[in-house]
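These notes concern the structure reproduced below.
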Amino acid sequence: MSQQPGVPRGIDPSRPNVARMYDYVLGGKDNYAADRELAEHLIASIPDGVEALRANRRFLGRAVAYVARQGVDQFIDLGAGLPNQGNVHEIAQGVHPHARVVYVDIDPVVITHARALLAADDHTAVVQADMRNPGTVLASEAVARLIDFDRPVGVIFNAMLHFVTDAEDPAGIVAAFTGHMAPGSHLVISHSTVDDRPADLVEIIRAAYDNASAPMVFRTREGVLRLFNGLTLVEPGLVKVNRWRSDDLEAAARGGAWVYGGVAVK
């Protein structure tokens with residue numbers, strides 16, 4: 001296949017990519033026609049799908065702000081996706097101006113845009129790596145330079161573990177990071193669920209992601225709880241993302257039906 005002008009090497013713009021689809025739904029511009037087409041199919045098929053993604057993004061902002069207010073000033077964002085509104089470093093640095101953040105993603109498009117955004121920020125870095133290979137991430141120069149595992153760290157899996165199959169051992173991936181975390185560290189996870197969801201809509205989503213860069217693996221609340229590997233969940237525990245410490249009553253009443261979110265402390 002010949003490389004199209006303006007498309008980074010290694011990218012197939014004809015295959016929908018989960019990060020770029022998410023970017024499109026959130027109003028971003030770093031996506032291709034195939035991403036927009038599949039995203040529009042899901043938008044048309046799932047009445048509350050867009051609001052679920054937006055609710056998840058708001059959850060990320062609240063969770064990072066909460067962890068930062070606990071004194072944590074260093075974060076690893078795994079499967080970070082394309083830069084958008086309310087990036088982790090912006091939220092963390094709003095609490096700690098010199099907070100350090102390492103973004104990790106495998107997608108060359110994500111890496112290109114993230115590095116351009118963060119070029120002038122010495123307290124952030126971007127690592128091109130697969131979070132399913134924790135050893136590679138942990139051994140990276142950026143993590144060694146910016147993250148001190150002798151102090152509390154925030155580790156984030158925001159809407160990413162549902163792209164990891166059971167055979168790829170999502171709990172083991174999480175444990176590889178939490179095993180390095182000092183006491184006082186926090187783990188943030190959000191994850192799609194089938195709980196209380198119509199079976200026909202679940203199958204539409206599964207079929208759509210079968211044609212994308214990663215499958216969608218829905219898990220029950222109990223399945224998501226296991227990913228926290230015995231860490232202590234902070235209040236209100238593992239709940240739908242729109243209900244996690246939201247002070248916006250209108251937003252809390254909508255948008256979270258597809259996604260659980262929680263924050264745990266070590």
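FYI, it's all coordinate maths here, none of it is from the lab. These numbers come from a predicted model, not from an experiment. Cβ coordinates were reconstructed from backbone atoms using ideal geometry, including for glycine residues, and neighbour counts include every protein chain displayed.
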Contour minus Cα-Cα distance for Thr165 and Phe149 (0.36 nm per residue): 3.0 nm
The local net charge around Val155, scoring Lys/Arg +1 and Asp/Glu -1 for residues other than Val155 whose Cβ lies under 12 Å from its Cβ, equals 0
Inter-centroid distance (Cα atoms) of segment 23-53 relative to segment 197-232, Å: 18
Expected 222 nm ellipticity per residue - DSSP helices of 4 or more, -39500 (n - 2.57), all of the chain, to 500: -11000 deg cm²/dmol
Between Asn133 and Leu117, what is the spin-label point distance in nm, taking each point 7 Å from the Cα along the Cα→C-beta axis? 2.4
Cβ density ranking, 10 Å radius, fewest first, applied to Tyr260, Tyr66 yields Tyr66, Tyr260
Two pseudo-spin positions, 7 Å from Cα along C-beta at Glu141 and at Arg69, lie apart in nanometres by 3.8
Size of the dipole of the chain about the Cα centre, Lys and Arg at +1 and Asp and Glu at -1 on the beta carbon, nothing else charged, in debye to 20? 340
